[in-house]
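Below is one structure; the comments refer to it alone.
Derivation of every value follows stated rules applied to the coordinates shown; laboratory data play no part. The model shown is predicted, which means the values in this text are computed figures rather than measured ones. Note: ideal-geometry Cβ built from the backbone for every residue, glycine included; neighbour counts use all protein chains shown.
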Amino acid sequence: MLEEILAELRTAISKAHDALKRDLARLRTGRANPSMLDGVRVDYYGTPTPIASMATVSVPEPRMIQIKVWERGQAKAVEKAIRESDLNLNPQVDGDILRIPLAPLTEERRREIAKNAKKYGEESKIAIRKARKDAKDLIDAAVADGDTSEDEGDAAWKKAEDIVAAGVKTVDEIVASKEKEIMTV
């Protein structure tokens, strides 16, 4: 029973790490990256649709994203969605192909993006702390119900704390790596 609780805790921490990596992949660095557009949704016949579901996204050059829309009439809708996103991108339409040049980031903009990376890291830590609280509640309930002894409960809680500490350390490492990538010119 206690092992199940710890396994759930590990799964929750893993999910928090995955969400953090997804969020950080959307942040703009100095290089073009197709995952920057993952959060952009295009109004495709009344349905908010990810760009990757209606076009081929590629990076032909380090500072250029190219989108080849499968349905020619949707190029304007994709352009509009990108312009309205908070990415500050300016796509250029050429038939069914959109080219998005990425201007070099200023030092101020890099710091702003790094601040967002830290914010995502903090959100991930909050999710991990919530998972820790849930695990603590389950361990306390198992001890109170007599399903396990207090010593076993204390040992499980110490393991849970070690798992959480490792999870938080991983979050810090992921964020530090992304900050380094953002600040590299």
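The alpha-carbon atoms of the range 31-101, seen along their principal axes, cover 33, 24, 18 angstrom, with the largest extent given first.
Against the set (1) 1.36; (2) 1.79; (3) 1.00, the structure's computed Cα Rg over 2.2 N^0.38 Å falls on (1). Across the chain, the relative contact order, built from alpha-carbon pairs under 8 Å that are at least six residues apart, equals 27 percent. If you add up the charges near Glu3, with Lys and Arg at +1 and Asp and Glu at -1, over every other residue whose beta carbon is less than 12 angstrom from its beta carbon, what do you get? Result for the neighbourhood of Glu3: -1. If every alpha-carbon in the range 102-182 counts as one equal scatterer, what log10 I(q)/I(0) does Debye give at q = 0.26, 0.27 1/Å? Normalising to I(0) and taking log10 leaves -1.12, -1.17. Considering only Gly30, Gly153, Gly46, the mean-square fluctuation computed in a Gaussian network model of the chain, springs between alpha carbons under 10 angstrom, is largest for Gly46. Label-to-label distance, Glu71 versus Asp162, with points set 7 angstrom from Cα along the beta-carbon direction: 5.5 nm. Spatially, the range 155-183 and the range 1-80 are offset by 23 Å when compared through their Cα centroids.
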